[in-house]
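The values are calculated or read from the model by the stated rules, or taken from the named source; none is laboratory data. Since the model is a prediction, treat every value here as computed from it, not as a measurement. Heads up, the Cβs are rebuilt from the backbone with ideal geometry, glycines too, and the neighbour counts pull from every protein chain shown.
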Amino acid sequence: MPTVTMTDEARLTGLLRRVTGDEKHGPSAHSTLDVLWVLYDRVLDVAPERVDDPERDRFLLSKGHGPAAYYAVLAAQGFIPEQWLDGMGDAHSPLGHHPDRLLVPGVEIGSGSLGHGLGLGVGVALGLRAQGITRPRTYVLLGDAELDEGSNHEAVAFAGATRLAGLTAIVVDNQSATHGWPGGIASRFTVNGWTAETVDGRDRDTIERALRGHTGERPHAVVAVTERKGN
């Protein structure tokens, strides 16, 4: 399996450093960087020239705080010009403090109001299945604190009950949730009929294996545990 090279690492770090103006959410962005890189570099079946292809995989960023890492990865993968990173948050920049699907190529949803992404992902996966488009997967990246929102409980329960096999949820767990869940985050999904795996959120090879570890029969969840760095 592919492993990150020093060239990849240096380039990605350099791109992230170009994104300014959102220092408040910097730690949140860094906690998602490894998962985002693995998704776009190794897992997602999507490319800049295929942003409208119905057979593409879908990625939804529900963890909308601090999209700096998301923008850096999109630039590294050729979805947006690297020069855009220098003006994030400026009045005329397409890169806002929350991603806008109408302004940023490759972005599937406008996000930032935490707690809505998984429900939207359920709708996307359900819509694809209704159209008979079964090969693409829908991936949703959440923060652990988002799971305190009731909308996510409903989305988890519905996806499990309908065996929405084309859906993968990735939860970045930096232990910032207020309430938590008995038995840990993964059990919140498995009790509702999902498959789930908990991994080191900094180990890119392990993240990749977990993302590819779905059975194809039920929705799948990957809990990527990182040190506490904000929500």
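Filtered by the rule that a residue be of a type in the set (A, V, I, L, M), surrounded by 22 or more Cβ atoms within 10 Å (Cβ to Cβ) and not in a strand (DSSP E or B), the stretch 47-77 gives Ala68, Ala69, Ala72, Val73, Leu74, Ala75. Does Leu39 count as modelled with pLDDT of 75 or more and farther than 17 Å from Arg212 by Cα? The answer is no for Leu39. Six or more apart or on different chains, Cβ atoms under 6 Å: show the pairs whose first residue is in the stretch 68-92 and among the acidic types (Asp, Glu) and whose second is assigned to a helix (DSSP H, G or I). Hits for this filter: Glu82/Ala75; Asp86/Arg18.
Listed conditions (1) touching a residue at least 40 places away in the same chain (Cβ under 8 Å); (2) in contact with a Pro (Cβ under 9 Å, 6 or more places away or on another chain); (3) aliphatic (A, V, I, L, M) are all met by Leu147, apart from (2).
The criterion of at least 2 residues that are farther than 27 Å from Gly106 by Cβ is met by the following helices (runs of 4 or more DSSP H) wholly inside the stretch 139-230: 150-161, 185-190.
Matching residues to (1) surrounded by 15 or more Cβ atoms within 10 Å (Cβ to Cβ); (2) within 15 Å of Gly143 (Cα to Cα); (3) out of contact with any Pro (no Cβ under 8 Å at 6 or more places or on another chain):
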residue: Gly166; (1), (2), (3): yes, no, no
residue: Asn174; (1), (2), (3): yes, yes, yes
residue: Pro182; (1), (2), (3): no, no, yes
residue: Ile185; (1), (2), (3): yes, yes, yes
residue: Phe189; (1), (2), (3): yes, yes, no
residue: Pro219; (1), (2), (3): yes, no, yes
residue: Thr226; (1), (2), (3): yes, yes, yes
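In the stretch 115-164, of all residues being farther than 13 Å from Asp57 by Cβ and basic (Lys, Arg), the one that is surrounded by the most Cβ atoms within 10 Å (Cβ to Cβ) corresponds to Arg129.
I'd like to know if the stretch 30-41 contains one or more residues that are at positive phi and over 11 Å from the mean Cα position of the chain (by Cα). No, the conditions are met nowhere in the stretch 30-41.
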